[in-house]
1. Examine the stretch A:153-174 for a residue that is surrounded by fewer than 20 Cβ atoms within 10 Å (Cβ to Cβ) and within 14 Å of another protein chain (Cβ to nearest Cβ), and state whether such a residue exists.
2. Taking the stretch B:405-435, which residues are at the interface with another protein chain (Cβ under 10 Å from one of its Cβ atoms) and of a type in the set (A, V, I, L, M)?
3. Which ranges mark the strands (runs of 3 or more DSSP E) fully within the stretch A:46-135 that have 2 or more residues being more than 14 Å from every other protein chain (Cβ to nearest Cβ) and under 30 Å from B:SER309 (Cα atoms)?
4. Identify, from the list A:SER17, A:SER12, A:SER27, A:SER42, the residue that is open to solvent by less than 10 Å² (accessible area, probe 1.4 Å), within 11 Å of chain B (Cβ to nearest Cβ) and free of Cβ contacts under 8 Å to residues at least 60 places away in the same chain.
5. Mind checking which residues of the stretch B:298-327 are outside any loop (DSSP other than H, G, I, E, B), crowded, with 24+ Cβ neighbours inside 10 Å and away from every other protein chain (no Cβ under 14 Å)?
6. Quick check on the stretch A:153-190: of everything there that is assigned to a helix (DSSP H, G or I) and touching a helix residue (DSSP H, G or I) at 6+ places or on another chain (Cβ under 6 Å), which residue is nearest to A:PHE4 (Cα to Cα)?
7. If you scan the stretch B:417-440, which residues turn out to be open to solvent by 10 Å² or more (accessible area, probe 1.4 Å) and either basic (Lys, Arg) or in contact with a Gly (Cβ under 9 Å, 6 or more places away or on another chain) (or both)?
Amino acid sequence: MLQFKLVLLGDSSVGKSSIVHRFVKDSFDELRESTIGAAFLSQTIKIKAEEQEEDVVIKFEIWDTAGQERYKSLAPMYYRNANAALVVYDLTQKDSLVKARSWVEELKNKVGDEDLVIFLVGNKLDLCEGEEDLRAVDTSEAKAYAEEQNLLFTEVSAKTGQGVKEVFRSIGEKLYASKKDEILAKKNRELGNRVNNSVDINAQRPSTNDTTTCCS
Amino acid sequence: MVATDFTSPLMRTTTGGNHHGFTSKFSIRSPSVPNLRQQLYSETNNYSAPAIEGIPNNKDAINDQRSNSEEYGGSLSVIDLYDDNDSESPQKKSTRSITGLEDFQKDVGELNSMSADHSNDDLRRSNSITIDINENEHTDRYGFKKQSTFISEADYNSWWNDYSKYCVRRKFKWKLLLEKGGLPVDNDSPTRFPSKSEKLKRYVRKGIPAEWRGDAWWYFARGQEKLNRHKGVYDTLLVKVNKITEQKDHDNVFTDLEIIERDLNRTFPDNIHFQKQSPQDEEPELIKSLRRVLVAFSLYNPKIGYCQSMNFIAGLLLLFLDEERAFWMLVIITSRYLPGVHDVNLEGVNIDQGVLMLCVKEYLPEIWSYIAPITNKKGASNNRRTTSSTSRKNRSLIIKNEFLYRLPPITLCTASWFMSCFIGILPIETTLRVWDCMFYEESHFLFKISLSILKLSENDLLRHKKHRHGGGILSYGIKGGNSSNTSLGSSNDAASEDGDMEIFQIIQTFPKKLLNPNDIFDKVIFKRKYSFNRLDQDEVDRCRKYVSSQRTKYKHYIDTVEKQEIRGIDKSTNHIGEKENILTSEMDEDTINEALSSEVYGFKRNLTGVHWNNSLKAKVRQMKKKIDREV
């Protein structure tokens, strides 16, 4: 099993918790309590890997954070050592994309990891498909930004579930692809070490240095 | 049922009674246990502008709703039992054998029909009104949904069957206590309580009667003093609030307002008092009150403004107190009990987490050993700035206390305990018991309860201990370092985060299962053997100061180091970086010395011996007796 840390960031009430709940519990509540501090959830998925016969099992350790601006000072505690970040905005709120951009910038500046997968997600797609189109952010605009910044991008609806699973699956696949060599190398080593029945966790880590300052 | 004259004793004492019509303006009564019968909001309510209008007089409608639901055993409110004036009855009741919920409901019905005249009136009137009984079956006496992710409705009901009897017994004792002290219990809403004593502390810890809570909190938190010093302030604030909220275009001048708006419907969406009955309905009165309280607060205290989590604190207050008093209690909570916690920079959260970690280290060393950051010795010794033996010593101290600055991962979970004052963390009845004690004993109780929760979860935590040092799961918790690393020997190696995942899971879900408040109180809070029960307010105040100053020093230190790093990097391109680094580290000595000047925090321990001796003496005595008897 592979374990990855994933953090959700974005403006208040864009639907971060709703996305996580759709993914973890496959449920949706119209009114969800505002998240205080952060909530921790986990979910396991299976992905197909080319070279391997068996499916690869991936466990996501998910940190769902509070969206209010002032919680930003706590955010480094949550995104440090993260492997992936979901930066969420609300398709019906122009401002929320501005906030999303600033999160992307912060992640790029503070997380010194080139392998960090950032996924830009526009939520509330269901509201943009009715007769009264509430859309305030064009797909093309967000897409262009994501390409420019080299982010993954999609639009989803936590309410209907549209696109949510796919987000996590593609993160899983991307992380697996970038860690594949390490994983295989480690597996071989593990086979060699079986006598000790122990895994040298530190061995595969590039450095003991911590790249982010924690809470400031 | 009692309760009719609702502008009287309570409101008079609340607002001083006789000045400029204050009384009527803020008599927005909350729908909590005590206030339901003094109710004023209902479907006919047209109360909207608080600074202008008075109280709608529709309490009868609500009374009807209540008694109707009681008649059918809807929400099993213990108040009905209390309303029986026969002081014997609660005891009688508790000795009677009650086999199940149905019997209990029957009892409620019996007691209802025995109770005072107007109650019978209510019952009679109730027949004319139909409400959704099924809906009430699923909610508790405050309107919260009984069921949660971790507690089924059946579990709730079977627990409540016992706990409601406990509440009746406790209320009976409270009544005796007040009567003995010559304090009136008129209309089942006492507004004065005995002066502080060990006995009263025990009473509070065993729970304040739900119907008295609002008044008792107000009394113990000295709310009236605060209000008296600020008479008319809320009034003035509301005028401003009205102006602001009526202005449709805020031009982003007041961003707090926007965030408040977004949170209003996300405050207790599971509580019937915060819900619209149907989508077409106007928003509930409590939501309107909540908006006014939060917006008024953000105007009153711009240093805090609005912080998510205050919506829950204010919301809970509104269930027990009228709007104006809820406002002042919010002021008191955010300044006295949780200082700085809701400030714009949230530094108070970090300070309190630092204090909590110090306490865990001191009082729960077992737990500390596996939530503490794993000190990375390699990182420390590799540090190129350790140039002299003194600075090495300094560094070791800094690293020792580094967890106050670089908080352990567990605080990712425990931070919200303080921010929302345990709302949503513990089940509601348990939360209320914590609030009882917080208002009586001040903020150190929040640390006590946190330590109690951790203590209770110890077994669960220990079970996962083995995972902590790598259990075969491949985790990619850590990332490659970059050159701007400023870590003081990275104390939080990713290896420690493998098992942390289990720890997070436990710490987050465990408190949510603590349905029975007495599980915490009887098993931990009332047990002398737990040394953290000696924690007092002085200690916590001292601790907060210490952590605060440590954090400031570290921040200063790290800023200095960062500046040096930048210079070092600049120079390193010319291959003199190393040299430069050594040079600057000498200059840095002062900063390090400053950090050294504060000793490691020392907890008061003088009482330990006394307590220990006492319990030992008692044990020796017991053993002697036993031996005597056997002989």
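1. For the stretch A:153-174, residues surrounded by fewer than 20 Cβ atoms within 10 Å (Cβ to Cβ) and within 14 Å of another protein chain (Cβ to nearest Cβ): present.
2. Hits for the stretch B:405-435 are B:LEU407, B:LEU412, B:ALA415, B:MET419, B:ILE423, B:ILE425.
3. Fully inside the stretch A:46-135 and qualifying: A:84-90, A:117-123.
4. A:SER12
5. Of everything in the stretch B:298-327, those that are outside any loop (DSSP other than H, G, I, E, B), crowded, with 24+ Cβ neighbours inside 10 Å and away from every other protein chain (no Cβ under 14 Å) turn out to be B:LEU317, B:LEU318, B:LEU319, B:PHE320, B:GLU323, B:GLU324, B:ARG325, B:ALA326, B:PHE327.
6. Top of the filtered list is A:PHE168.
7. Result: B:ILE423, single match.
The values are calculated or read from the model by the stated rules, or taken from the named source; none is laboratory data. All of these numbers come straight from a predicted model, not from anything done at the bench. Every residue, glycine among them, receives a Cβ derived from its backbone with ideal geometry; neighbour counts consider all protein chains shown. These area figures cover heavy atoms from the full protein model, side chains too; ligands, DNA and RNA do not enter into them. Shrake-Rupley method; radii C 1.70, N 1.55, O 1.52, S 1.80 Å.
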